[in-house]
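All remarks here apply to the structure that follows.
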Amino acid sequence: MNMSKTISKGMVVGFSYHLKNAQGETLDQSDEPLLYLHGWQNIIPGLEKELEGLVNGDSKNVTVPPEEGYGTYNEALIFQVPKTELPAEAELEVGMEFQTDTPEGRMILYLQEVRDADVILNGNHPLAGETLHFDVTIKSIREATDEEKQHGHVHGPGGHHHH
Ligand SMILES: [Zn+2]
């Protein structure tokens, strides 16, 4: 293992993290290293830029404002949709995701509320509007393969397998 590598574009980085919101509540955490390809926007921009230059074993507290995280909260992305417009086979559960194609590209909508005749779908990411506080520890750094760079994501254990 080469300990002198620093995080820069084209490196595959593994990190564990503990994510809290502005109130100090835990939103998510992972002790198993999450792998990503640095420089390809695999992770939110506010976190990616703060990890630049770190070396294996480094820990860092990173605060990410909504604009550099999952976006600001947009009321215009909340839709009331008749159940008859949803796929008939869908078993409706709060939190499930629907995909829809818009002129700006594919959009993911979260089912926020189920009513009698309609549902509320929310196009905001569940963490939209949140200022995020990460405690990050770098667990591994290696050079990405040419194939990984072409695909824009990590291969192998811990990476993406959907092609
Ligand atoms: Zn691939």
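The values are calculated or read from the model by the stated rules, or taken from the named source; none is laboratory data. Just so it is clear, the model here is predicted, and its values are computed rather than measured. Methodologically, a virtual Cβ is constructed for each residue, glycine included, from the backbone with ideal geometry; neighbour enumeration extends over all protein chains shown.
Can you name every residue in the stretch 74-130 that is farther than 30 Å from Ala22 by Cβ, modelled with pLDDT of 90 or more and among the hydroxyl-bearing types (Ser, Thr, Tyr)? The one that is farther than 30 Å from Ala22 by Cβ, modelled with pLDDT of 90 or more and among the hydroxyl-bearing types (Ser, Thr, Tyr): Thr84. Here the strands (runs of 3 or more DSSP E) wholly within the stretch 68-163 that include at least 1 residues being touching a Lys or Arg at 6+ places or on another chain (Cβ under 7 Å) and exposed (fewer than 13 other Cβ atoms within 10 Å of the Cβ) are 97-102. Filtering the stretch 123-157 to residues that are small (Gly, Ala, Ser) and more than 16 Å from the ligand (Cβ to nearest atom) leaves Gly123, Ala128, Gly129, Ser140. With respect to the conditions (1) part of a strand (DSSP E or B); (2) in contact with a Gly (Cβ under 8 Å, 6 or more places away or on another chain); (3) in the same structural domain as Val136 (by TED's automatic domain parsing), His18 lacks only one, and its number is (2). Residue count for the stretch 6-15 satisfying the condition of being crowded, with 19+ Cβ neighbours inside 10 Å and either assigned to a strand (DSSP E or B) or at pLDDT below 95 (or both): 4.
Among the residues of the stretch 21-59, those that are within 17 Å of Thr131 (Cα to Cα), part of a loop (DSSP other than H, G, I, E, B) and among the polar types (S, T, N, Q) comprise Asn21, Gln23. Which count do you get for residues in the stretch 100-130 that are within 13 Å of Gln80 (Cβ to Cβ) and free of Cβ contacts under 8 Å to residues at least 12 places away in the same chain? Result for the stretch 100-130: 2.
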